[in-house]
Amino acid sequence: MTTRQVITFQPSHTVRGMKKRSLGGLTCRRPCVVMPLMSRTMFRSLHLYLQVCLMLLGLEPQKHTATAEKRLARVNYCGGRVLGAHHRYRSAPARSVLECATFCGADPGCQAVVFDASAAWCHLGNVIANSDCSNMELATSGMTHYQTRRTGADESLHVTVTTGRDKDPSLMSNDGLFTHLYLSVSAGRSPAEQPQVCGANQVLQGATCECAPGYRGNPCTAYIGDCEDLRTTGVTADGVYSIFPLQAWESFPVYCSFKSKARTWIMERYSPNFSFNLTWAAYRDGFGSLAGDYWLGLQKIHLLTTSKAYSLRVGVKLKNSTTLYQTYNNFAVADESNYFRLSVGPFSSTDDLGNCLQPLNGSSFSTHDSDHDGEDAINCAAQRSGGWWFRSITCSTCNPTGLLGQQGLGGDNEAFWTSDKGRLTPLKISFYLQTM
């Protein structure tokens, strides 16, 4: 898109003179001082006539121009911030970001612009954003930040500003005494800014090369989103591995086991002396040892279950050495702003373990210091001695994070999956994810 804008400036009555030119015996000279005895109308007509005359003979006044060129890029690495007010040295009304860009293009000291669409105002800045964004401030509604450096850019403006006298008489004012400033602005990326060839495992996204789907990092390598991805690479030994789910910002370790299907473990407990009666922060971030009793962390479970579709496999080993299993399809956990709300689909089981999770579908997670069970009269997590997806005054039909290794006397804070197992209390409880 290219726009053309004409801005006029009124000079003083004294105008620079022109050299004499002889036109068939008639000497043409541009007046140096407006003659008081000549009417303004006569002067305008004579001046315009002489101007056209000189142009037709190729003797028009020399067009003096100066051109400035800048590329301004909209940056996104500061996340909704714009250049701080103390770095803005000049402001002017502007109806569009292109008009704002022209002000910067014509000012040699301009390094950045803040365009306020809501106020139709343009602010020029003398610096660009610091790498740590310390010279930026939160943007109000309608504000955008552009700067001369393209680091982190997602949009650019190519600005060319040309100034000088316009020799087209049709663009002159009525008296021909005005000097014209005309501006040319184009929006979009210049061909020079477009990467021509991307590296291995990369694709072109806009003006930048990014890792292709299925690849991450620098250089772009195949990412491992869970234990199943590890299995496809040929890994078969159980142990601790680093994974990088699609929704995650960084990798983190998990325990993987490989049998008929790869298993990504999110909880394992078998030591009676290891307490799961911990805080919200502990359950959110994870605790314990991947080589022993541990809870992976609600945030990591959220990242996993929003990156792929999983079933949750629950395993309970009872005191009679029997191990029972229950499988829940479409298991997922929401983010912290939704209190890690539980989402679970139909269950399937060949064992008589019992169904606990489906009645809790849609419940928020609770700990003794962060109660979201929906009942003000009680704190289920404090009552049950562990964090869990509790609901209402009934709390839960299972309590896998309660006190382990008890005598099976039926206390509310004992660890159990379903209460109808009586004195056959769990010796071991495990949760792991399998891809569906």
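Just so it is clear, none of the values below were taken in a lab; they were calculated from the coordinates. These numbers come from a predicted model, not from an experiment. FYI the Cβ positions are ideal-geometry reconstructions off the backbone, even for glycines, and counts take in every protein chain you see.
Quick one: Karplus J couplings for the stretch 336-349, per residue in order, coefficients 6.51, -1.76, 1.60, θ = phi - 60°, nearest Hz, x for Gly and Pro? The phi angles translate into 5, 4, 9, 6, 6, 4, 7, 10, 9, x, x, 10, 9, 7 Hz. Each Lys or Arg adds one and each Asp or Glu subtracts one; over the other residues with Cβ under 13 Å from the Cβ of S311, this totals +2.
Measuring nothing but how far apart in sequence close Cα pairs (under 8 Å, 6+ apart) lie, relative to its length, the stretch 254-388 scores a relative contact order of 19 percent.
Using the Cβ-Cβ distance between A200 and E137 with R0 = 60 Å, the FRET efficiency computed as 1/(1 + (r/R0)^6) comes to roughly 0.90. Ordering V316, P272, L298 by Cα displacement along the dipole of the stretch 263-318 toward the positive end leaves V316 in first place; charges were set at the Cβ atoms of Lys, Arg (+1) and Asp, Glu (-1).
Between N126 and W249, the contour length at 0.36 nm per residue exceeds the Cα-Cα span by 40.9 nm. The largest-to-smallest principal axis extents of the Cα set in the stretch 226-435 are 49, 41, 32 Å.
Each Cα pair under 8 Å and six or more residues apart adds its sequence gap; the mean of these over the residue count of the stretch 219-323 is a relative contact order of 22 percent.
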